[in-house]
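Asks: Mind looking over this structure? Questions follow.
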Amino acid sequence: MITTTTTYQAAQMVSETVESHFVFHHQKAINHDGKVLAPIPNSQVIESIIDATFWASLRREEGRFPKISIAFLPPNLTEQPLIFENKLLFNPYVLTKLAPSVEHAGIHLGVWIENDELYIWGTTTNIPGLCFVLEVVEPGLLVVKHRRTDGFGKFINVAVLKGDQIKIIDENSSTLPDCPALIGSMIGVASPSSWNDSLNVLVQLAVAMRAHQRGGALLIVPSKHDNWRSSIIYPITYSLQPVFAGLSLLNDKSIDLQNYASQSKLNQAINGVAGLTAVDGATIINDQFEVLAFGAKIGRSPSGKALEAILVTEPIVGNEPQVVHPVQNGGTRHLSAAQFVYDQRDAIAMVASQDGRFTIFSWSPCERMVHAHRVDTLLL
């Protein structure tokens, strides 16, 4: 039993909830998948890891704040780990010193427990499903997450801690009426069947859009008709002819993306399309992932009405839906995207802000209004 006294109150408050999440999903995975999974961390382990990592995140090493990703598992459960000859103490000082070695995405510090003490055994780029991971995004901002049981795509976020603020992801929010399957995929309830599953591609696009930090809008329109054109101002500065099919070709499920080279090609295509959203205006793709245009200006459809209200929700425990005027939800980019979905109700709009906020707009037949899903916490 770990006896370390924690001083970060949020770590104490969230540890049991996080443990319950892992217990539930381990049992569910064992009953249905039978795959090798990482060990379940108990609440004391979770509390200690969060506490030490939080204080480490506030330290500076050579003028820079650390970015760290910690995975709780023994070295024998990972492939080709980098193992230290001598075990290192798990404390803020050591974490800060080691942080530069694991700044790049996909590298984790391996942490395990022995004789009731946590220690750092090395680094790894390969972890099993449902492995507890704690990532430092910025000083004082931590994300508890885990790898999907199928091993594909973005990790699933469990909780976000920022100072004394705690946000627990509400998995039940994806089961509400009219919730797009895309939200369920981000939460982890609707797991994609393959790495290049269409839902997973949209998740990766959202992550890439948020990462370039310039803000942007992506409109996903039906391929069966072009009614969406009535909501676009012409001429489009960057209209594509023929359409760019690079991403749609890589999304073909017959392509094996299990190897690194193929995954790299898909990543390059996703980053390329996400980069287009940094240009002023909206990027337009269809549901076959063909890029139709970018830098497009959105206008109200001649047959449409001005949008007067939207429903805003965030998939975290305790969130209460709010009906607000569109101008209360963001700037011009958000307003135009919401108006587009109001006029084109079989379309989806994804909007990234420069400050990291990310919103997915969709039409809710049940509420009969545009639904703005705030999904920042799912993309960290």
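The values are calculated or read from the model by the stated rules, or taken from the named source; none is laboratory data. Worth saying up front: this structure is predicted, and the values here are computed from it rather than measured. No Cβ is skipped: glycine too gets one built from the backbone with ideal geometry, and neighbour counts run over all protein chains shown. These accessible areas exclude ligands, DNA and RNA; they are computed on the full protein's heavy atoms, side chains included. Shrake-Rupley method; radii C 1.70, N 1.55, O 1.52, S 1.80 Å.
Asks: Looking at ALA99, is it open to solvent by less than 30 Å² (accessible area, probe 1.4 Å), modelled with pLDDT of 95 or more and either outside the structural domain of LYS28 (by the TED database) or among the small types (Gly, Ala, Ser) (or both)?
Replies: no
Asks: Something else: ASP355 - would you say it is in a loop (DSSP other than H, G, I, E, B), open to solvent by 20 Å² or more (accessible area, probe 1.4 Å), of a type in the set (D, E, K, R) and within 25 Å of ALA211 (Cα to Cα)?
Replies: When the stated conditions are applied, ASP355 passes them.
Asks: While we're here: Is it fair to say ASN86 is open to solvent by 70 Å² or more (accessible area, probe 1.4 Å), over 22 Å from LEU130 (Cα atoms) and not in a loop (DSSP other than H, G, I, E, B)?
Replies: yes
Asks: Scanning segment 124-172 for residues that are in a strand (DSSP E or B) and open to solvent by 20 Å² or more (accessible area, probe 1.4 Å), which turns out nearest to PRO41 (Cα to Cα)?
Replies: This residue is GLU135.
Asks: If GLY106 passes every condition in (1) more than 16 Å from ILE40 (Cα to Cα); (2) part of a strand (DSSP E or B); (3) open to solvent by less than 60 Å² (accessible area, probe 1.4 Å) but one, which one does it miss?
Replies: Of everything listed in (1) more than 16 Å from ILE40 (Cα to Cα); (2) part of a strand (DSSP E or B); (3) open to solvent by less than 60 Å² (accessible area, probe 1.4 Å), GLY106 misses just condition (2).
Asks: Now for a separate question. Which of the residues spanning segment 290-309 are of a type outside the set (Asp, Glu) and part of a loop (DSSP other than H, G, I, E, B)?
Replies: Once the filter is applied, which keeps residues that are of a type outside the set (Asp, Glu) and part of a loop (DSSP other than H, G, I, E, B), segment 290-309 yields GLY299, ARG300, SER301, PRO302, SER303, GLY304, LYS305, ALA306, LEU307, ALA309.
Asks: Related question: Of a type in the set (A, V, I, L, M, F, W, C), buried (at least 20 other Cβ atoms within 10 Å of the Cβ) and either under 19 Å from TYR8 (Cβ atoms) or touching a Leu at 6+ places or on another chain (Cβ under 6 Å) (or both): is that true of VAL111 in this structure?
Replies: Considered against the rule, which asks whether it is of a type in the set (A, V, I, L, M, F, W, C), buried (at least 20 other Cβ atoms within 10 Å of the Cβ) and either under 19 Å from TYR8 (Cβ atoms) or touching a Leu at 6+ places or on another chain (Cβ under 6 Å) (or both), VAL111 comes out as yes.
Asks: May I pose another question? Would you pick out the residues in segment 226-247 that are closer than 15 Å to ILE348 by Cα and open to solvent by less than 70 Å² (accessible area, probe 1.4 Å)?
Replies: Across segment 226-247, the qualifying residues are TRP228, SER231, ILE232.
Asks: Further question: In this structure, is ALA347 touching a helix residue (DSSP H, G or I) at 6+ places or on another chain (Cβ under 7 Å), of a type outside the set (Asp, Glu), at pLDDT 90 or above and open to solvent by less than 20 Å² (accessible area, probe 1.4 Å)?
Replies: yes
Asks: Exactly one condition in (1) open to solvent by less than 10 Å² (accessible area, probe 1.4 Å); (2) in contact (Cβ under 8 Å) with a residue 60 or more places away in the chain; (3) not basic (Lys, Arg) is false for PRO326; which is it?
Replies: For PRO326, the failing item is (2).
Asks: Would you point out which residue out of GLY140, GLY63, GLY106, GLY163 is without any contact (Cβ under 8 Å) to a residue 40 or more places away in the chain and over 19 Å from ALA38 (Cα atoms)?
Replies: Of the residues listed, the single one that is without any contact (Cβ under 8 Å) to a residue 40 or more places away in the chain and over 19 Å from ALA38 (Cα atoms) is GLY63.
Asks: Taking the condition surrounded by fewer than 21 Cβ atoms within 10 Å (Cβ to Cβ) and over 25 Å from PRO139 (Cβ atoms), does ASN42 pass?
Replies: yes
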